[in-house]
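The values are calculated or read from the model by the stated rules, or taken from the named source; none is laboratory data. Not measured: the values here are computed from a predicted model. With ideal geometry, Cβ positions are generated from the backbone for all residues, glycine too; neighbour counts draw on all protein chains shown. Accessible surface is based on the protein model in full, side chains and every heavy atom, while ligands, DNA and RNA are left aside. Shrake-Rupley method; radii C 1.70, N 1.55, O 1.52, S 1.80 Å.
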Amino acid sequence: MSDLEKDPAEIVSVCGDGGPVLEFLEPREVILGRTTKVRRLLPNKNRRMVGAWCFVDHYGPDDISRRVDSYDVPGDRGMQVPPHPHTSLQTVSWLFEGEIEHRDSVGSHAMVRPGELNIMTAGNGIAHSEVSSPDAPPMLHGAQLWVALPDSVRTTTPPAFNAYADLPMIDFDGARATVMVGTVAGVTSPAPAYTPLVGADITIDPGRTLTLPLTPSNEYAVMVVDGSLSVGELAPSFGEMVYLGSERESVELVASDNGVRFLLLGGEPFEEQLVMWWNFIGRTHEEIVAARDAWQEAIAAGGTDRFPMVPGYDGAALPAPTLPATALKPRPRAR
Ligand code: MN
């Protein structure tokens, strides 16, 4: 997915943490382009990142067969995100329901489906499109996440796309997990990760308790996508996130009487400060300006070495918005 906000504000927050905490992170609604309404969990007002996870959008469940009237765009249906660029990050596309058609500038063409991981590594530059194809199922429910790449690899690791249909799963007593990225309870995903990272899709049966083993050096958050759970005195339900902090050997999660499905996100606290603007991540204002210029040049030229066009996409690429008048500043991971 792309950050399609017409006038993306510079994302501001600041730092200071450590240890186990319980911090409620509320979603805010963002309209992407003309057709998709999402709830943005990261960056959040007080917390920009959890581990290297720096962007979390949760969308749906939406009946996309009925979206046309509500958004006033005849012919558009579900997600319609034209080719747009990324730098210095990985995108993780994860569906709970529905189907999205992915194409990218390294030549990949893939259908994103529930329970299957699609992870795209931008390196110094990649472009991709994501659309609900005409024969996609009517319900769409998913999450779009970004992982910041560390400075040591972010411009040198080659652009890549990896899809995994058969991820490792863990059976707990009364609960089960699919390991998307990184390691959960000693089980590791095959997906490429460049920092200690955790991403898992976990279901707990109604009324059951899961004591989930954690790695103390990692920080964690849970994002509920169905039902609700209790963790300490907090009870996040659909669309809500709770930050758990770090220094935990485990956490006790209690499903409501309706059960719960949630994403566990975590990783080693990411100490590098980021400049995030539109679909670019960098370390300086100048770097973002250069990436924007390079993308606009690529659109005009029909593709460049840094940003080739997306083969097979029928339509125009997405131009970058205008930069803000003031310089973008590097920001730490938390307020
Ligand atoms: Mn994208």
Practice task
Give, in nm to one decimal, the length gained when the segment between GLU233 and ASN258 is fully stretched (0.36 nm per residue of separation minus the Cα-Cα distance).
Solution key: 7.1 nm
Exercise for the section: Work from the charge dipole of the stretch 11-267 (Cβ charges, +1 for Lys and Arg, -1 for Asp and Glu, about the Cα centre) and give the residue of PRO83, ILE31, SER132 farthest towards its positive end. Expected result: PRO83
Practice task
Starting at the first residue of the stretch 117-128, write each ³J(HN,Hα) from the Karplus equation 6.51 cos²θ - 1.76 cosθ + 1.60 with θ = phi - 60°, in whole Hz, x for Gly and Pro.
Solution key: 8, 10, 10, 10, 9, 6, x, 7, x, 8, 9, 8
Practice task
Name the residue farthest towards the positive end of the dipole of the chain from the options PHE161, VAL179, ILE202, assuming +1 on Cβ of Lys and Arg, -1 on Cβ of Asp and Glu, about the Cα centre.
Solution key: PHE161
Handout entry: Share of carbon and sulfur in the accessible heavy-atom surface of the chain [1.4 Å probe, %]
Key = 49
Problem - Surface per residue (accessible, 1.4 Å probe) for the chain, Å² - result: 39
Exercise for the section: Rounding to the nearest 20 debye, state how big the charge dipole of the stretch 214-335 is about its Cα centre with +1 on each Lys and Arg Cβ and -1 on each Asp and Glu Cβ. Expected result: 360
Problem - Karplus-derived HN-Hα couplings along the stretch 41-47 (A = 6.51, B = -1.76, C = 1.60, θ = phi - 60°), whole Hz, x at Gly and Pro - result: 9, 10, x, 10, 3, 9, 8
Practice task
Please list the non-local residues whose amide H lies under 5 Å from the amide H of ARG47, H modeled 1.01 Å from N, same-chain partners needing a gap of 5 or more.
Solution key: ARG335
Completion exercise
Computed for the chain: size of charge dipole around the Cα centre, +1 on C-beta of each Lys and Arg, -1 on C-beta of each Asp and Glu, debye to nearest 20, value 560
Handout entry: Residues with amide H under 5 Å from that of GLU130, placed H, sequence gap 5 or more
Key = VAL81
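Tell me, what is the percent relative contact order of the chain, built from C-alpha pairs under 8 Å that lie six or more residues apart? Provide the component values of the computation, followed by the final result.
Numbers: 934 pairs, mean separation 75.4, N = 335.
About 23 percent, as a whole number.
Charges only on Cβ, +1 for Lys and Arg, -1 for Asp and Glu: so what's the dipole of the stretch 93-160 about the Cα centre, in debye to the nearest 20? Let's see the in-between values first.
Working: 3 positive and 8 negative charges, 45 e Å.
The dipole of the stretch 93-160 has a size of about 220 debye.
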Handout entry: Helical mean residue ellipticity (222 nm; -39500 (n - 2.57) per DSSP H run of 4+; nearest 500) of the chain
Key = -2000 deg cm²/dmol
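List the equivalent ellipsoid semi-axes of the stretch 11-267 in whole Å, largest first, each obtained as the square root of 5λ for an eigenvalue λ of the Cα gyration tensor. Walk me through the numbers before you get to the answer.
Values: eigenvalues 152, 98, 63 Å².
They are 28, 22, 18 Å, listed largest first.
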Fill in the blank from the handout: Phi angles of the stretch 206-217, converted by Karplus (6.51 cos²θ - 1.76 cosθ + 1.60, θ = phi - 60°) into ³J(HN,Hα) in whole Hz with x for Gly and Pro, give x, x, 8, 10, 10, 9, 8, x, 10, 9, x, 6
Problem - For VAL225, residues with placed amide H under 5 Å, excluding near neighbours - result: GLY239, ARG261, PHE262, LEU263
